[in-house]
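To start, the structure itself, in structure tokens.
The values are calculated or read from the model by the stated rules, or taken from the named source; none is laboratory data. Quantities reported herein were computed from a predicted structural model and do not represent experimental measurements. Ideal geometry is used to build each Cβ from the backbone, glycine not excepted, and the neighbour counts take in all protein chains shown. Just so you know, the surface numbers come from the protein's heavy atoms only, side chains and all, with ligands and any DNA or RNA stripped out. Shrake-Rupley method; radii C 1.70, N 1.55, O 1.52, S 1.80 Å.
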Amino acid sequence: MKCKLIILVLIFGCSAQITSAQIEARYLLGQKSEASKQAPRAYGSYAKGCLAGGEELEINGPTWQVMRLSRGRNWGHPNMIAYLKRISEKVAKETSWNGLYIGDISQPRGGPMISGHASHQLGLDADIWMLPAKKLNLSRLKREKLSSISIRSNDKKLINSNWTNDHMKVIKIAASDQNVDRIFVTAPAKIYMCENASGDKKWLQKIRPFWGHNFHFHVRLKCPIGSKVCKIQKPTVNSLSKGGNGCDKTLIWWITDALKPAKVNPDTAKKKARKHPRHFTMAELPQQCTDVLNSK
Ligand SMILES: [Zn+2]
């Protein structure tokens, strides 16, 4: 009898514990092919959160095309969708590009993804290709197969001949929108822009050097008004650049020490020990994400 009881406790104990809260969020949020029918809200932080009431960016627009359609990551907060339309129109008007090739934004309900990105969870991050968008009638297949271009030299210290003045114009247009929190790009591009931008250089404050980001640049928007559970990123770009434009000595590290073979660095070891945001369970995300998941 005692034995049976123990078995019963084990069975019920286990089944009660295996709830959706314990499942990695990417297997649940990542399954949804439509946005939640809720008011638009970004919940959590860029690498730990989700998106309610997402909007789909049409795969073809007058001044953009969505790339890699099979991924289904062309969903964002309505602020992001409006932003991409607005800046791509400006790019088409003010540069030799006909618009923008848009890479990943977010899944329909945001959250961690099956593969790739740590961030892009709130519908407030978007990757924009460095390949100038000249043709806006690419087939679905072409959008899977075509690669972007790297604008960085092989030794990672300089920009290369793929870089044009229009790249700077495009990134300036992208950064000058007041909704933008910051833009990540490879350090040599920031260095080039610091040395060659003319006029008011305030926009450069939002350009942050980062690993990779030589095939695309990554735009991050601010938390939308009304998204009270959206966490703004700290440190802010203003504090990182001490109120300046970030065209300072800190950039040199990226093209010198950062490129040296890695010693065992306690920070990297710590990073490795930390859980990758892809593996967050539903329970680890803000509780509102469960409503986002279960909503129609
Ligand atoms: Zn990105």
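Observations on the structure shown:
- Looking only at the range 170-198, and only at residues there that are open to solvent by 40 Å² or more (accessible area, probe 1.4 Å) and either outside any helix (DSSP H, G or I) or touching a helix residue (DSSP H, G or I) at 6+ places or on another chain (Cβ under 8 Å) (or both), the one that is farthest from the ligand (Cβ to nearest atom): SER198
- When residues in the range 88-126 are screened for being over 29 Å from LEU285 (Cβ atoms) and either among the basic types (Lys, Arg) or within 16 Å of the ligand (Cβ to nearest atom) (or both), 4 of them pass.
- Test: residue in the range 69-82 that is part of a strand (DSSP E or B) and either under 19 Å from ARG143 (Cβ atoms) or more than 16 Å from the ligand (Cβ to nearest atom) (or both): yes
- Qualifying residue in the range 199-213 (condition: in contact with a helix residue (DSSP H, G or I) (Cβ under 7 Å, 6 or more places away or on another chain) and within 13 Å of the ligand (Cβ to nearest atom)): yes
- Against the list (1) at pLDDT below 95; (2) of a type outside the set (A, V, I, L, M); (3) in a helix (DSSP H, G or I), the condition HIS117 fails is (3).
- Selection status of ALA39, under 28 Å from LYS234 (Cβ atoms), over 15 Å from the mean Cα position of the chain (by Cα) and surrounded by fewer than 16 Cβ atoms within 10 Å (Cβ to Cβ): yes
- With respect to the conditions (1) of a type in the set (A, V, I, L, M); (2) touching a residue at least 24 places away in the same chain (Cβ under 8 Å); (3) open to solvent by 10 Å² or more (accessible area, probe 1.4 Å), ALA82 lacks only one, and its number is (2).
- Where TRP253 falls short, out of the listed (1) in a loop (DSSP other than H, G, I, E, B); (2) over 12 Å from GLN205 (Cβ atoms); (3) away from the ligand (no atom under 16 Å from the Cβ): (1)
- Test: residue in the range 14-25 that is within 16 Å of the ligand (Cβ to nearest atom) and either open to solvent by less than 10 Å² (accessible area, probe 1.4 Å) or modelled with pLDDT under 95 (or both): no
- Residues of the range 228-249 classified as open to solvent by 90 Å² or more (accessible area, probe 1.4 Å) and of a type outside the set (A, V, I, L, M, F, W, C), total: 5
- For LEU136: the one exception among (1) away from the ligand (no atom under 16 Å from the Cβ); (2) open to solvent by less than 40 Å² (accessible area, probe 1.4 Å): (2)
- As a summary of the residue check, ILE225 satisfies the conditions (1) among the β-branched types (Val, Ile, Thr); (2) surrounded by fewer than 20 Cβ atoms within 10 Å (Cβ to Cβ); (3) modelled with pLDDT of 95 or more; (4) under 30 Å from GLU34 (Cα atoms) except for the one numbered (3).
- Whichever residue in the range 142-169 is crowded, with 16+ Cβ neighbours inside 10 Å and in contact with a Ser or Thr (Cβ under 6 Å, 6 or more places away or on another chain) and, among such residues, is farthest from ARG86 (Cα to Cα): ARG152
- Condition check for GLY212: at positive phi, of a type in the set (Gly, Ala, Ser) and surrounded by 10 or more Cβ atoms within 10 Å (Cβ to Cβ): yes
- Count of residues meeting criterion [aromatic (Phe, Trp, Tyr) and more than 18 Å from the chain's Cα centre (by Cα)] in the range 166-221: 2
- Failed condition for VAL66, given (1) farther than 21 Å from LYS222 by Cα; (2) open to solvent by less than 30 Å² (accessible area, probe 1.4 Å); (3) away from the ligand (no atom under 16 Å from the Cβ): (3)
- In the range 78-87, the condition of being more than 30 Å from LEU28 (Cα to Cα) and at pLDDT 95 or above is met by at least one residue.
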